[in-house]
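One structure is given here, and the rest of the page talks about it.
The values are calculated or read from the model by the stated rules, or taken from the named source; none is laboratory data. The structure displayed is predicted, hence computed values, not measured ones. Glycine gets a Cβ as well: all are built from the backbone with ideal geometry, and neighbour counts include every protein chain shown. Ligands, DNA and RNA are excluded from the accessible area calculation, which covers all protein heavy atoms including side chains. Shrake-Rupley method; radii C 1.70, N 1.55, O 1.52, S 1.80 Å.
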Amino acid sequence: MGGRRAVPGLHTPRQNRLIAALPVEDYERLLPDLELVSLPLGLSVHRAGDREQYLYFLTEGIVSRFYMTENGASAESALTGREGVIGIAAFLGGESTPSRAVVLSAGYAYRVGADLLKSEFKHGGALSHLLLRYTQALITQIAQTVACNRHHTVEQQLCRWLLLSLDRLSSNELAMTQELIANMLVVRREGVTEAAGHLQTAGLIHYHRGHITVLDRPKLEKRVCECYAVVKKETDRLLPDRIAA
């Protein structure tokens, strides 16, 4: 991944929700060590079992965390966008995780070395507090995803997945094939095709050749199960939504 320092007016670290919440003093101390990197579609930000050498504070795009079985099957556990960070094992002490983090929607992130971040974390303060709160929100999303995939219909799961994705994007469009969505939700592709067809017939989405456009978000929110609201409420409760003074 090619990196470069912050470019004023083009990308700024404050586009990330965690960094935006840092007090000015903490932000300015961290700023020289933040490196802007591109996250192209399909990139593995880290692989299962790899030591996480960097933390990535997303400012645009979506990264999916998922697990793979020995036979190649996969299951998504959580989505991360500009509200969060990839690389939590680095500051939690585990160094690596059995999950894989892959870019689902291309974007950008500011990365910082894991060793530097761990040193910052040991001192406590605003950054470590925010990272722990984000970790709690992430755990909620992972747990709710498990419950949703076990107890709710494919259509409800698809609605949840679409809404969580939209919350992390700046538009109402997603470039995603039905096969990929089926892999993420651990359901058959035919199930996703049927569920997407119902939503399109109802005028909630438009799907064509791997591109999904959400046409009526309020109605989509009425069709989704309670899992979406649980995740969103906990994320909003734990993470500030404005730049700190």
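General remarks:
- Taking (1) under 18 Å from Ile139 (Cα atoms); (2) open to solvent by 10 Å² or more (accessible area, probe 1.4 Å) in turn, Ala90 satisfies each apart from (2).
- Among all residues of region 153-160, there is none that is farther than 20 Å from Ile212 by Cα, in contact (Cβ under 8 Å) with a residue 60 or more places away in the chain and in a helix (DSSP H, G or I).
- Leu163 being more than 30 Å from Leu116 (Cβ to Cβ), within 16 Å of the chain's Cα centre (by Cα) and in contact (Cβ under 8 Å) with a residue 60 or more places away in the chain: yes
- If you filter region 116-127 down to residues that are in contact (Cβ under 8 Å) with a residue 12 or more places away in the chain and charged (D, E, K, R), you find that the one that is surrounded by the fewest Cβ atoms within 10 Å (Cβ to Cβ) is Lys118.
- Complete set of residues in region 172-186 that are part of a helix (DSSP H, G or I) and open to solvent by 40 Å² or more (accessible area, probe 1.4 Å): Glu179, Leu180, Asn183
- Test for Leu169: is it touching a residue at least 60 places away in the same chain (Cβ under 8 Å) and assigned to a loop (DSSP other than H, G, I, E, B): yes
- Condition check for Tyr54: touching a Gly at 6+ places or on another chain (Cβ under 9 Å), aromatic (Phe, Trp, Tyr) and under 30 Å from Leu10 (Cα atoms): yes
- Qualifying residue in region 234-242 (condition: part of a helix (DSSP H, G or I) and closer than 19 Å to Glu155 by Cβ): no
- Complete set of residues in region 15-58 that are basic (Lys, Arg), modelled with pLDDT of 90 or more and under 17 Å from the mean Cα position of the chain (by Cα): Arg17
- Residues being over 17 Å from the mean Cα position of the chain (by Cα) and either open to solvent by less than 50 Å² (accessible area, probe 1.4 Å) or within 20 Å of Leu130 (Cβ to Cβ) (or both) are represented in region 96-107 by at least one member.
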